[in-house]
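Notes follow once the structure below has been shown.
We did not get these values from a lab; they are worked out from the coordinates using the rules stated. Here the structure is a predicted model, which means the values were calculated and not measured. Cβ placement follows ideal geometry from the backbone for every residue including glycine, while neighbour counts extend to all protein chains displayed.
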Amino acid sequence: MADYLLFATERYGLPILQPLAQALHARGARVHALLAGGAAGLALPAPVRQVDVRAAAALRTRAVFSASNEVPTFVPGAKVQLFHGFNVEKRADGRGHFRVRGLFDLYCTQGPATTVPFQALAGQLRHFAVAETGWPKLDPLFRDDGGASAALRAPAGGRPVVMFASTFTERLSAAPHLYPAIAAEIARGDRYWLLTLHPKCPPALFERYRALAGANAAFVEPEQLVTAQRAADVLLADTTSVVSEFVVQLKPVVTFRNRAPKPHMIDFDDPASLPRMLARAFDPAPELRQAIATYADAIHPWRDGRSSERVIDATEALLARGLHTLARKPLSSWWRALQIRRELGYLRP
């Protein structure tokens with residue numbers, strides 16, 4: 001029976017890893033999880049076995065799957081990057097989505113918009129492989145969820161459902177600016193709201209939005225994010241990667257001061273315009289529907305709920321070829337690997 005390790009450093013990494021854990025378990029694998037940083041103290045459901053850093057290093061793992069920008073390079077096996085979000089252009093490519101740190105052997109990309117740039121980088125650098133697999137986090141969007149999304153939607157009582165999500169980046173976050181307008185919409189009661197915030201948002205902001213929960217709204221925890229996306233008809237957001245996740249379902253999104261607005265978004269900058277923007281989203285024009293479909297096909301054309309299985313297949317294909325077929329990692333990666341050891345408390349075996 002083969003061993004695999006799942007790695008995350010933030011709470012939002014768990015919904016990315018959970019579908020993969022289920023797929024690995026279905027194939028008879030032993031699945032272990034090393035959760036550090038903001039994910040420390042959390043857990044993935046059984047039969048995933050939580051391990052500390054020393055136990056992880058002692059495993060004879062075939063692969064380490066990371067939902068972080070980093071990976072513990074001292075753990076045996078292929079190092080596989082799953083990504084913790086879509087490229088929403090929060091930063092320049094050299095600092096953001098397409099930054100290669102020399103830590104990974106395989107990048108499992110989400111769709112053509114990510115695959116093509118990474119394939120170009122792989123051709124230049126040659127120390128990693130690329131496989132377009134789709135994103136494990138979105139598997140539950142496209143398969144039976146056991147009625148979880150229906151249960152989340154049930155309190156709406158037939159009303160349309162709006163989901164609100166916001167990034168933690170202060171200069172990009174809509175949450176502080178839209179609170180009065182959202183509160184007014186919730187009080188009106190003609191639509192039902194599902195509210196969520198990035199785990200790194202300030203505690204005071206969490207308190208304000210949690211207080212809006214009642215007959216016309218519910219607050220949703222990060223672990224329920226995908227379920228909430230299934231349940232909602234329209235998304236209100238900012239520059240969070242939840243925008244891309246939601247659009248993959250071919251549903252409309254309204255964005256507040258998005259850093260890089262695109263044709264598939266209904267973007268606005270005046271909070272007073274919120275009611276009018278929501279009305280447009282609930283009655284989308286044909287050109288908006290087409291823009292949504294075009295964007296969804298570019299970032300994540302996989303809608304069969306089997307991205308986790310493709311990740312496993314791509315990893316096993318690389319292992320079958322042999323990691324020796326890849327070029328040596330750059331010297332800069334050794335320094336970063338040492339920093340990761342220090343951060344995880346594993347300077348000495």
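Worth pointing out:
- Here the stretch 148-299 is assigned +1 on the Cβ of each Lys and Arg and -1 on the Cβ of each Asp and Glu. Its dipole about the Cα centre then comes out at about 120 debye.
- Computed label-point distance, nm, for sites Gln290 and Met1 using a 7 Å Cα→Cβ extension: 5.4
- Computed over the chain: relative contact order in percent, which uses C-alpha pairs under 8 Å that are six or more apart: 19
- Take 143-155, 56-68, 255-267, 126-138 and order them by the average number of nearby Cβ atoms within 10 Å per residue, most first; the result is 126-138, 56-68, 255-267, 143-155.
- Pairwise centroid distance, computed over Cα atoms, of the stretch 214-231 with the stretch 110-182, Å: 14
- Placing a label point 7 Å from the Cα of Glu223 along the Cα-to-Cβ direction, the residues of the stretch 192-217 whose backbone N falls under 20 Å from that point are 194-201, 206-207, 210.
- Cα long-axis angle, helix 112-125 against the chain (0 to 90 degrees, to the nearest 10): 30
- The stretch 148-299 shape via C-alpha gyration tensor axes, a/c threshold 1.5: rounded
- Tilt relative to the chain, helix 14-26 - C-alpha long axis, 0 to 90 degrees, to 10: 60
- Sorted on the mean count of surrounding Cβ atoms within 10 Å across their residues, most packed first, peptides 237-245, 212-220, 200-208 read 237-245, 212-220, 200-208.
- In the chain, helical runs assigned H by DSSP with n ≥ 4 each contribute -39500 (n - 2.57); averaged across all residues and rounded to the nearest 500, the mean residue ellipticity at 222 nm is -11000 deg cm²/dmol.
- Beta bridges from DSSP with both residues in the stretch 148-299: antiparallel share about 5 percent, rounded to the nearest 5.
- Stretchable slack from His25 to Leu125, in nm (0.36 nm times residue separation minus alpha-carbon distance): 32.6 nm
- With 0.36 nm allotted per residue and the present C-alpha distance subtracted, the Trp335-Lys200 stretch has 45.8 nm of extension available.
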